[in-house]
Amino acid sequence: MLGKVLSGTVTGIEGVQVMVEADISDGLPQFDMVGFLASEVKEARERVRTAIKNTGYILEPKRYTINLSPANLRKEGNMFDLPIAVAVLIGSGAVPQRVVEDCMLFGELGLDGTLRPINGTLPLVTEAGRLGIKRCVVPYENGMEGSVVDGVDVFALKDLKEVIDYLLNPEKYCPVITDAAEMLLKEMRSVKEDFSDINGQLAAKRATTIAAAGFHNILYIGPPGSGKSMMARRLPTILPQLTLDEAIELTKIYSICGLLPRNKALVGARPFRSPHHTTSMQAMTGGGRVPKPGEISLADRGVLFLDELPEFNNSTLEVLRQPLEDREIVLARVHGSYRYPANFQMVAAMNPCKCGYYPDRTRCKCTTADVNRYLQKISQPLLDRIDLCIEMPKLEYDDLALQSDKNETSAQIREKVERAVNMQKERYKNESILFNSQLNAKLIEKYCPLGEAENKLLGEAFEAMNLSARAYHRIIKVARTIADLEGSESITTSHLSEAIGYRTFDKEVWG
Amino acid sequence: MSEHREKLWYILNYIAEIGPVTTQKLIEYTGDIEELMELSTDELRESNILNDKMLRAWNDKRPMDDALIRQYEENEAMGMHFASIESENYPERLKNIPGHPYGIHYIGRNANDYARTASIIGSRGCTGYGRELATEIGKRLSRIGVCVISGMALGIDAAGQWGALNAGGASVGVLGGGVDVCYPRENMPLYERLMSDGSIISEQPCGCPALPTNFRLRNRIISGLSDCVIVVEARKKSGTQITVSYALDQGRDIFCVPGRLTDPLSAGCNEMISQGARILHDFSELAQYFESDDLNVNVARNIELSPAEMLVYEKLTDDLQHIEDLLMATGLPVADLMSVLLNLEIKGVVHQQIKNYFRRCVRL
């Protein structure tokens with residue numbers, strides 16, 4: 001007899017439907033599995049046979065043929081144990097075929113028949129929803145995650161016995177119900193860091209606010225202990241709140257990496273990834289024969305923090321250039337290409353020189369050549385993608401002793417940021433961009449016209465400061481964001497002059 | 001002076017192991033360069049002037065005489081000149097200093113062209129204030145026709161020389177390596193400019209790398225070529241102090257720019273002042289020293305500042321201050337302060353030496 005069960009696998013961050021077929025016929029006792037299987041799927045044979053036996057069913061000594069279709073798609077992951085087991089049981093007549101109509105099953109089996117958690121529940125259930133499938137059975141631990149998807153009832157079950165019971169008597173079981181929006185809010189409230197923790201560094205705070213409002217990449221330069229990491233770590237708390245769609249995209253990425261905590265349905269806070277400077281190129285972009293998302297994808301919709309920027313391997317940094325433009329990364333492998341979102345904000349921090357104390361000449365003994373050599377480790381193309389740059393001074397005791405209740409909180413700053421973001425959304429509703437940082441030369445001309453006084457100021461400043469032409473567009477983009485923060489439709493001289501203060505360092509100007 | 005004798009001096013100069021002191025002894029022993037160069041190794045050994053190392057160098061390099069003479073001729077054709085102590089191109093000022101070199105190499109004009117000279121020296125890792133001041137002094141000196149001598153090092157040296165060159169004056173760079181070796185490499189633009197608008201001088205043979213041991217000796221030429229030595233910024237126990245002690249031996253006048261008590265970069269200057277160096281408290285000091293009537297080089301500028309600009313300007317000092325400190329001092333919001341600072345910078349009264357670090361511009 002034949003049994004058919006729907007299941008799925010994950011490629012990239014999307015789920016793909018897989019049909020599991022089991023045929024049981026007379027012949028020499030054999031258990032064959034076909035369908036372009038990875039080894040963890042092939043090994044399902046032993047788990048499925050033992051789990052079925054330990055659940056109380058007897059597998060007759062017949063010829064079992066299992067097929068996973070489509071045959072040209074490589075099947076990866078541990079979610080096929082349960083569908084194979086159920087298909088075998090249908091084939092052997094223990095369960096009728098009709099009970100699995102409209103139902104997708106995922107799960108790994110233990111030898112005793114328990115269901116164990118899988119990676120990628122959210123993309124799989126989302127795919128089920130897209131195909132119009134009404135019910136999904138997932139391991140108990142993955143229930144919350146799967147239930148986020150609208151229109152699909154997710155049943156979180158503990159073992160194979162329970163699955164069979166559910167299939168035979170579905171009316172006895174309730175689907176998992178979660179309020180995704182409420183959960184998102186709860187997640188956000190659980191963030192502990194707050195901007196009010198930082199005393200002093202007003203200029204850097206202002207720059208960080210601007211970076212958040214325009215999704216600009218930012219570079220902090222300062223001596224050790226000036227609060228660069230502290231500032232960066234708090235940037236996600238002032239970025240606009242995640243929308244449900246963004247949270248789902250993010251949760252998919254974390255889900256397929258197995259990084260989603262088992263009792264959580266959604267990644268609710270914007271991620272903050274801080275890869276160490278010894279990180280390899282593959283870890284950054286995503287690597288492996290079947291690539292897993294890398295740091296840039298895990299930082300999607302959030303912050304990728306590169307501390308000690310000049311210490312990073314050059315090739316590791318250079319691979320960031322293209323994802324910074326395209327907001328996604330495509331990894332080509334022998335079995336196909338994988339597309340992962342990489343819509344991150346790059347935040348970098350570095351010391352001003354090797355010893356870290358320049359320009360405090362009483363402590364820094366680096367020669368000018370040393371200082372320049374240190375800065376030159378960062379390539380110009382990468383610098384060109386950093387709109388804002390702020391030098392942070394070492395903190396004095398007075399700054400630390402300031403009253404912390406005077407500091408603005410993340411919630412207050414976020415309110416301003418969201419206003420600016422909404423202005424941008426409104427302005428760019430007919431364009432393919434969302435933020436000022438994505439403006440190109442042509443769009444700058446269209447959306448950032450400068451008046452006579454502004455042009456004059458810019459001309460004088462370029463003359464006086466010996467700025468490079470590269471700086472021009474970056475300054476205008478940042479000025480546009482400052483104007484948005486102020487709620488101003490046009491860019492004024494004061495917006496421009498502030499933006500000039502945040503320009504990226506020019507190598508000739510330094511020292 | 002015959003060209004033949006010049007070539008002999010060139011060959012002797014090429015044996016770098018034999019320095020000025022030994023050369024002097026050799027000349028005293030034989031009485032003349034031509035006779036000296038005729039001596040055989042045994043005769044030299046008998047003289048007991050040369051040690052084994054020098055003798056070995058002599059033996060190794062004398063067979064190359066012909067090649068060296070060709071090199072001399074090629075160098076002359078390329079503009080890398082050699083002047084022995086007997087040459088009219090040899091700097092007059094050097095002749096009367098103790099331990100003077102017996103031959104020098106130079107590119108550009110010969111040092112006797114410069115009627116009045118002053119050296120501007122100081123730290124390599126100087127402050128922005130020091131650099132700007134050195135540039136300004138170089139500029140002012142060149143306006144009254146004084147040639148600026150220095151070592152082409154990073155920091156004060158180069159700043160003073162650039163000041164002079166950019167104001168249309170002349171400058172001399174004294175190198176620790178051969179005249180064809182630009183050291184430090186970063187100062188290549190300065191080196192090229194000196195070739196056309198000034199001179200490059202060295203006592204080392206062409207092609208000699210800039211060895212650390214040469215710089216001490218180089219310093220005696222810097223002070224020797226100068227009428228006076230101006231020290232802008234110097235730490236205690238620095239190379240600058242070596243130059244100053246040579247200058248004292250050579251009877252040159254020394255001016256020091258006074259610095260703050262606590263500033264390690266001025267500690268050397270202050271120490272020298274306490275030991276009797278002249279204080280450069282006003283530019284007219286130098287004008288008087290060089291007997292120039294051009295005392296009114298100060299061009300008064302009247303710059304109008306708005307109240308906010310005035311407020312910020314008053315909080316600024318000669319030291320670098322981060323914008324964060326100015327925020328605290330002035331109480332202005334970030335955006336306002338940044339635009340005020342930009343305006344001040346455009347007006348040329350504030351200098352942003354490093355991004356977000358500001359100080360007043362130096363006004364003499």
Note to self: Please list, ordered by chain and number, the residues whose modelled amide H lies under 5 Å from the amide H of A:Ile329; skip anything fewer than 5 residues away on the same chain.
What the structure shows: A:Tyr340, A:Ala342
Next item on the list: With +1 on each Lys and Arg Cβ and -1 on each Asp and Glu Cβ, and nothing else charged, work out how big the dipole of region B:105-175 is about its Cα centre, in Debye to the nearest 20.
Entry: 100
Checklist line | Within a Gaussian network of chain B (alpha carbon springs, distance under 10 Å), most fluctuating of B:Ile354, B:Ile156, B:Ile137 | finding: B:Ile354
Notebook entry, point to check: What lysines could a cross-link reach from A:Lys264, if we take a straight Cα to Cα line under 19 Å and drop same-chain neighbours fewer than 8 places away?
Noted result: A:Lys158, A:Lys186, A:Lys192, A:Lys252
Notebook entry, point to check: Ranked by Cβ crowding within 10 angstrom, fewest neighbours first, how are A:Ile475, A:Ile386 ordered?
Noted result: A:Ile386, A:Ile475
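Normalise the Cα radius of gyration of region A:379-507 by 2.2 N^0.38 Å (N = residues in it) and let me know the number.
Working: Rg = 16.5 Å, N = 129, 2.2 N^0.38 = 13.9 Å.
Against the empirical 2.2 N^0.38 Å value, I get 1.18 for region A:379-507.
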Note to self: Charges on Cβ only, +1 for Lys and Arg, -1 for Asp and Glu, centred on the Cα centroid of the protein assembly as shown; of A:Val191, A:Tyr254, A:Leu68, which one is farthest towards the dipole's positive end?
What the structure shows: A:Leu68
Margin query: Would you work out the Kirkwood radius for chain B? I mean one over the mean of 1/r across all pairs of different Cα atoms, in Å.
Written below: 22.4
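Rounded to the nearest 0.05, what FRET efficiency do A:Cys174 and A:Asn313 have when you use their Cβ-Cβ distance and R0 = 56 Å?
Calculated transfer efficiency: 0.60.
Divide, for region B:111-289, the radius of gyration over alpha carbons by 2.2 N^0.38 Å, where N is the residue count. Before the final figure, lay out each step's value.
Numbers: Rg = 14.6 Å, N = 179, 2.2 N^0.38 = 15.8 Å.
Here the Cα radius of gyration is 0.92 times the empirical estimate.
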Next item on the list: Positive end of the charge dipole of the protein assembly as shown (Lys, Arg +1 and Asp, Glu -1 on Cβ, about the Cα centre): tell me which of A:Cys174, B:Ser2, A:Val154 has its Cα farthest that way.
Entry: A:Cys174
Next item on the list: List the residues of region A:46-90 whose backbone N lies under 16 Å from a point placed 7 Å from the Cα of A:Phe36 along the Cα-to-Cβ direction.
Entry: A:67-77
Check: Under 25 Å from the Cα of B:Lys315, which lysines turn up, not counting those fewer than eight places away in the same chain?
Finding: A:Lys205, A:Lys394, A:Lys406, B:Lys347, B:Lys355
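Share of Cα-Cα pairs in region A:424-498 beyond 16 Å, in percent? Intermediate values should be presented prior to the final figure.
Values: 1294 of 2775 pairs.
Tail of P(r) above 16 Å: 47 percent of Cα pairs.
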Check: If we restrict to alpha carbons, what Rg and Dmax does region A:86-196 come to, in Å?
Finding: 16.3, 65
Check: Rg and Dmax of region A:254-320, using alpha carbons, in Å: what are they?
Finding: 12.7, 39
Note to self: Please report the projected area of region A:302-401's Cα convex hull averaged over all directions, in nm².
What the structure shows: 8.7
Next item on the list: Sticking with the crude label model, points 7 Å out along Cα→Cβ, report the distance from B:Leu39 to B:Thr262 in nm, one decimal please.
Entry: 6.0
Next item on the list: Please report A:Cys136, A:Cys366 as a ranked list, fewest other C-beta atoms within 10 angstrom at the top and most at the bottom.
Entry: A:Cys366, A:Cys136
Item checked: Förster radius 56 Å - calculated FRET efficiency between A:Lys442 and B:Arg143 (Cβ-Cβ, nearest 0.05) -> 0.65
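Please state the charge dipole magnitude for chain A, taken about the Cα centre, from unit charges on C-beta atoms (+1 on K and R, -1 on D and E), reported in debye and rounded to the nearest 20.
Numbers: 62 positive and 67 negative charges, 161 e Å.
Its charge dipole is roughly 780 debye.
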Notebook entry, point to check: Can you work out the base-10 log of I(q)/I(0) for region A:76-123 at q = 0.31, 0.33 1/Å, using the Debye formula on its C-alpha atoms alone?
Noted result: -1.16, -1.20
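Would you mind giving the three semi-axes, in whole Å and largest first, of the ellipsoid equivalent to region B:307-360 according to its Cα gyration tensor? Don't jump to the answer; show the numbers that get you there.
Numbers: eigenvalues 38, 30, 21 Å².
Values for region B:307-360, descending: 14, 12, 10 Å.
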Check: Over chain B, what is the percentage of antiparallel beta bridges among all DSSP beta bridges, to the nearest 5?
Finding: 45
Next item on the list: On each of the three principal axes of the Cα atoms of chain A, give max minus min coordinate, whole Å, ordered largest first.
Entry: 90, 47, 42
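If eta is 0.692 mPa s and T is 37 °C, what Stokes-Einstein diffusion coefficient results for region A:8-113, Kirkwood Rh from Cα pairs, in µm²/s?
Working: Rh = 13.9 Å.
Result for D is 235 µm²/s.
Using only Cα atoms, what Kirkwood radius does region B:46-191 have, in angstroms? Could you put the intermediate results ahead of the total?
Working: mean 1/r = 0.0580 Å⁻¹.
Kirkwood radius, region B:46-191: 17.2 Å.
Express the Stokes-Einstein translational diffusion coefficient of region A:223-377 in µm² s⁻¹, to the nearest whole number, given a Kirkwood radius over alpha-carbon pairs, 37 °C and a viscosity of 0.692 mPa s. Walk me through the numbers before you get to the answer.
Working: Rh = 17.0 Å.
Estimated via Stokes-Einstein, D reaches 193 µm²/s.
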Margin query: I'd like the projected area of region B:78-159, averaged over all directions, using the convex hull of its alpha carbons. Report it in nm² with one decimal.
Written below: 6.4
Checklist line | Kirkwood Rh, Cα atoms: Rg over Rh of the protein assembly as shown | finding: 1.17
Next item on the list: Check cross-link reach from B:Lys7 to the lysines: straight Cα distance under 24 Å, and skip same-chain residues fewer than eight apart.
Entry: B:Lys25, B:Lys53, B:Lys61, B:Lys95
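Mind putting a number on the dipole of region A:436-511 about its Cα centre? Charges go on the C-beta only, +1 for Lys and Arg and -1 for Asp and Glu, and I need it in Debye to the nearest 20.
It works out to roughly 360 debye.
Since every read-out is calculated from the coordinates, none of them should be taken as a lab result. Computed from a predicted structure; not experimentally measured. Backbone-built Cβ (ideal geometry, glycine too); neighbour counts: all protein chains shown.
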